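Colleague: The following block contains the structure, expressed as structure tokens.
The values are calculated or read from the model by the stated rules, or taken from the named source; none is laboratory data. Keep in mind it's a predicted model, so treat the numbers as computed, not measured. Here the Cβ is made from the backbone with ideal geometry for all residues, glycine too, and neighbour counts use every protein chain on show.
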Amino acid sequence: MSGRLQGKVAIITGGSRGTGAAIARLFVAEGARVAIADLREEQGRALAAELGGDALFHRCDVASRDDWAALVAAVREHLGEPAVLVNNAALLDIAPIDEVTEESLERLFRVNQLGPILGIQAVLPSMRALGYGSIVNMGSTDGVLAQDMGLIAYASTKFALRGITRTAAMELGRDAIRVNCLVPDSGNIEMSAPFLPEGMDHDELMRQHVEQILKPPPWASGFHRYEEIARMTLFLASDESSGCTGGDFPVDGGYTAGRRFRP
Ligand SMILES: NC(=O)c1ccc[n+]([C@@H]2O[C@H](COP(=O)([O-])OP(=O)(O)OC[C@H]3O[C@@H](n4cnc5c(N)ncnc54)[C@H](O)[C@@H]3O)[C@@H](O)[C@H]2O)c1
């Protein structure tokens, strides 16, 4: 299949690197015009240049309403009315409950939780004018299952994102605007690396863990999941998922399905 987003304009926040960059590449390959919205200018501009005339980079702090207004104005001028929004930008911080600071809690709240709400508000006029829209919020398995590793600031925003998804789906469904939450177990190691103990190979540990649940089929490379996350984002963004709204869509190799007790 190809052209699954033909003619559609999509905004991808946090698209300069990692998961967001993989999504931008797949969306352009599937016919979308894509706006990469991020604070990382150099990487974002390089990616937009690589993707050609169907992509642009726009510097945007997702926690700023003014930045959202400027982003949407630029997208409308250069690409057209956005029909797709991928709220993918996020920050991580790790500290146990008795050490976490208000500054950390507020910083992650502003980017991971307020940012997606401001984004939804910013694209609503365009989606209403088009008569449809699809919003994909990038959640995390940390918004479904708790882990004992100092994730109070991050996990609280990712749990909240599933509530934002459902509430927005209820309010916007009458405008044919769908809102879904993707739940990956992995992403860019550069996001978590600053917080991991030295020498810890997080990807390898995750791979070993999830491959006990789901053996990768012979044609798949197994863990790492950028492409799998991008493909689920494509499905949710495209008209193929016209029956889906308000849902959680895990791409986690069964990680949140249950506990596995067999040795
Ligand atoms: N890395 C993981 O292990 C993992 C696991 C599950 C879910 N996720 C989720 O996947 C999504 C993508 O993360 P990733 O793994 O690609 O990490 P990443 O750090 O490569 O990507 C996050 C992007 O968001 C951008 N960003 C941060 N603050 C911003 C702001 N205020 N305004 C605009 N852009 C901002 C960063 O510059 C970066 O490019 C996030 O929502 C993350 O929570 C990541």
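Colleague: Could you run through the stretch 203-238 and say how many residues are modelled with pLDDT of 95 or more and either among the β-branched types (Val, Ile, Thr) or exposed (fewer than 14 other Cβ atoms within 10 Å of the Cβ) (or both)? Explain how you work it out, then say what you get.
Modeller: Going residue by residue through the stretch 203-238, those that are modelled with pLDDT of 95 or more are 229-238.
From what's left, either among the β-branched types (Val, Ile, Thr) or exposed (fewer than 14 other Cβ atoms within 10 Å of the Cβ) (or both): 229, 233.
Adding up the residues that qualify gives 2.
Colleague: Could I ask something else about it? Consider Arg178 carefully, then state whether it is part of a helix (DSSP H, G or I) and either more than 13 Å from the ligand (Cβ to nearest atom) or of a type outside the set (Phe, Trp, Tyr) (or both).
Modeller: no
Colleague: While we're on this one: When residues of the stretch 27-81 are filtered for being among the hydrophobic types (A, V, I, L, M, F, W, C) and more than 11 Å from the ligand (Cβ to nearest atom), how many remain?
Modeller: So the answer is 20.
Colleague: Just checking, which of Ala129, Ala160 is over 13 Å from the mean Cα position of the chain (by Cα) and surrounded by fewer than 16 Cβ atoms within 10 Å (Cβ to Cβ)? Let's see the steps before the verdict.
Modeller: Values: Ala160 fails: surrounded by fewer than 16 Cβ atoms within 10 Å (Cβ to Cβ).
Of Ala129, Ala160, the one residue that is over 13 Å from the mean Cα position of the chain (by Cα) and surrounded by fewer than 16 Cβ atoms within 10 Å (Cβ to Cβ) is Ala129.
Here is a yes/no grid of residues against (1) without any contact (Cβ under 8 Å) to a residue 60 or more places away in the chain; (2) within 11 Å of the ligand (Cβ to nearest atom); (3) not basic (Lys, Arg):
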| site | (1), (2), (3) |
| --- | --- |
| Arg128 | yes, no, no |
| Met138 | no, yes, yes |
| Asp142 | yes, yes, yes |
| Gln147 | yes, no, yes |
| Pro197 | yes, no, yes |
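Colleague: Something else: Between a residue in the stretch 71-93 that is outside any loop (DSSP other than H, G, I, E, B) and any residue that is small (Gly, Ala, Ser) and surrounded by fewer than 24 Cβ atoms within 10 Å (Cβ to Cβ), which pairs come within a Cβ distance under 6 Å, given they are 6 or more apart or on different chains?
Modeller: Taking only residues 6 or more apart or on different chains, the pairs are Val72/Ala122.
Colleague: Quick one: in the stretch 1-24, of everything that is under 19 Å from Glu190 (Cα atoms) and either of a type in the set (Val, Ile, Thr) or more than 10 Å from the ligand (Cβ to nearest atom) (or both), which residue is surrounded by the fewest Cβ atoms within 10 Å (Cβ to Cβ)?
Modeller: Thr19
Colleague: Any idea how many residues of the stretch 199-227 are within 16 Å of the ligand (Cβ to nearest atom), more than 23 Å from Gly139 (Cβ to Cβ) and part of a loop (DSSP other than H, G, I, E, B)?
Modeller: 2
Colleague: Something else about it: Which of the residues that make up the stretch 186-196 are surrounded by fewer than 14 Cβ atoms within 10 Å (Cβ to Cβ) and farther than 20 Å from Ser104 by Cα?
Modeller: none
Colleague: May I ask you to list the residues in the stretch 152-167 that are within 18 Å of Val111 (Cβ to Cβ) and more than 11 Å from the ligand (Cβ to nearest atom)?
Modeller: Residues satisfying the conditions are Ile152, Ala153, Ser156, Phe159, Ala160, Arg162, Gly163, Ile164, Thr165.
Colleague: Please pick out the residue among Thr256, Thr245 that is in contact (Cβ under 8 Å) with a residue 60 or more places away in the chain, surrounded by 11 or more Cβ atoms within 10 Å (Cβ to Cβ) and over 30 Å from Val100 (Cα atoms). Step through it out loud before you land on a result.
Modeller: Numbers: Thr256 fails: over 30 Å from Val100 (Cα atoms).
The match here is Thr245.
Colleague: List the number of the failed condition for Pro194; all other conditions in (1) part of a helix (DSSP H, G or I); (2) within 30 Å of Pro96 (Cβ to Cβ); (3) at pLDDT 95 or above hold.
Modeller: Evaluating Pro194 over (1) part of a helix (DSSP H, G or I); (2) within 30 Å of Pro96 (Cβ to Cβ); (3) at pLDDT 95 or above leaves (3) as the failure.
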